[in-house]
Every structure is written in structure tokens, then in C-alpha cells.
Amino acid sequence: MAHKQADPTARRAREAARRAAAAQRIGPRPLRTPRPRRPKLLFDLQPPGAFYTDWDIPVGTDTGVMAQVIDQFGVDSAEAATMRILLHFRRIYGPNIPLGAIGQLELLLDETDLLTRLSPGAGVTPDDARASAHYLHAHGMILIADDGSLWMTVPPGTPDSAPDGTWSFVEQKVRAPADHVGAVT
């Protein structure tokens, strides 16, 4: 007995009719709530300057990395303390940690009045202000210039970025202390 092949046009029409009948029985599809866009992190934005040339990328999970360091150096070692700090910053900056820029930002937070200016309101602790500074830095809203100063910036590809698609350095917020000027290369 010969098998008849269905006419492709008839098959498409039957499929369309089946879908229309199902849509009528089920009703319209619910509207999907759009996912919020994930902001790019600092490494993906490719910030300019000497402070953004040295990136550390701890490989593995936080617990796995810490276990390796503790096994090799001990729980109270300087290496373990350093790794705890790196893993803390990895939660803020993502997998790529800008070592020089974070070090300079920490220096500016410790040795200038930046923390005081970032926490003028009641209930804002210095720790909250420090966390906010790192959040802004991790998203490219502030950067460290080659002279060690801190600038408010607008990352490329955002509505207020420079017309040529590069970084906009808007306003210098903090000058580097005189004894800590310039990037270490």
C-alpha cells in the first residue's frame, strides 16, 4: 500500500487552524513582564587609564578558593586575609577585580573627606558610604584618573555618554593626597 504524502500547504493550514482553536479555548497569552536590564560591570565597560590595567580573577567558588588558600597557607595567614578581601570585592565588581583602582579608591576613602561627603544624611554610616562608593565604581559612575584623583563619569553607551561613544569625565570629586599622586605602572 502506497503512503500518501500530505500537501505542505494543507498541512500548514491544518496547523494554523489547530493553533487558532487552541488559542480560542485557552485565551490570549499573558503579557510577559520584561526582565530588567542587567547593568554592565566595570570590566565590561573597559575603563581607560593606568589604574585599570591590572585585573585579578579568582577562579572557582568563594568557598573553594578559600579552602585552597587555607589549606596552603593557614586560616590566619596574610594570604587568607587578602583572599577574603578579594572575594568581598568580587561580590561587588563581578569576576574581574581592578586591583589598582580599588586600592586607590580605598586610599581616597581613608585619607580624604570623601566618606564624610558621601554620608551627610542621618543614618548613613561610613560603611554604607564606602559600599556606595564601590557600587558606583563597579558600575562606572566614578573612576580613578591616572593622577589618582576620583571623577564622576558617564560610561560609554549610556544616554549621556560622549557623542563619540567614549567615557565622559564630568566632575573631579577628590584630588589624590600629594604623597599618593599618579598610578603605579
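Summary of values
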| read-out | value |
| --- | --- |
| Filter result for Asp110 (part of a helix (DSSP H, G or I), out of contact with any Pro (no Cβ under 9 Å at 6 or more places or on another chain), open to solvent by 60 Å² or more (accessible area, probe 1.4 Å) and modelled with pLDDT under 95) | yes |
| Residue in the range 149-156 that is part of a helix (DSSP H, G or I), of a type in the set (A, V, I, L, M) and without any contact (Cβ under 8 Å) to a residue 40 or more places away in the chain present | no |
| Qualifying positions in the range 64-101 - open to solvent by 80 Å² or more (accessible area, probe 1.4 Å) and under 22 Å from His134 (Cβ atoms) | Arg84, Ile85, His88, Arg91 |
| Filter pass, Val59 being surrounded by 12 or more Cβ atoms within 10 Å (Cβ to Cβ), out of contact with any Cys (no Cβ under 7 Å at 6 or more places or on another chain) and without any contact (Cβ under 8 Å) to a residue 24 or more places away in the chain | no |
| Neighbours by Cβ (under 8 Å, 6+ apart or cross-chain): first from the range 84-112, within 14 Å of Ala50 (Cα to Cα); second assigned to a helix (DSSP H, G or I) and open to solvent by 30 Å² or more (accessible area, probe 1.4 Å) | Pro98/Phe43; Gln104/His180 |
| Some residue of the range 44-54 being under 17 Å from the mean Cα position of the chain (by Cα), assigned to a helix (DSSP H, G or I) and of a type in the set (A, V, I, L, M, F, W, C) | yes |
| Residue check for Thr33: exposed (fewer than 15 other Cβ atoms within 10 Å of the Cβ), without any contact (Cβ under 8 Å) to a residue 60 or more places away in the chain, in a loop (DSSP other than H, G, I, E, B) and within 25 Å of the chain's Cα centre (by Cα) | yes |
| Selection within the range 113-136 - open to solvent by less than 40 Å² (accessible area, probe 1.4 Å) and under 24 Å from Lys40 (Cα atoms) | Ala129, Ala133, His134 |
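The values are calculated or read from the model by the stated rules, or taken from the named source; none is laboratory data. Note that the structure is a prediction, hence the values are computed from the model and not measured. Neighbour counts run over all protein chains shown; Cβ positions are idealised from the backbone, glycine included. To get the accessible areas, we keep the full protein, side chains included, count just its heavy atoms, and leave off ligands, DNA and RNA. Shrake-Rupley method; radii C 1.70, N 1.55, O 1.52, S 1.80 Å.
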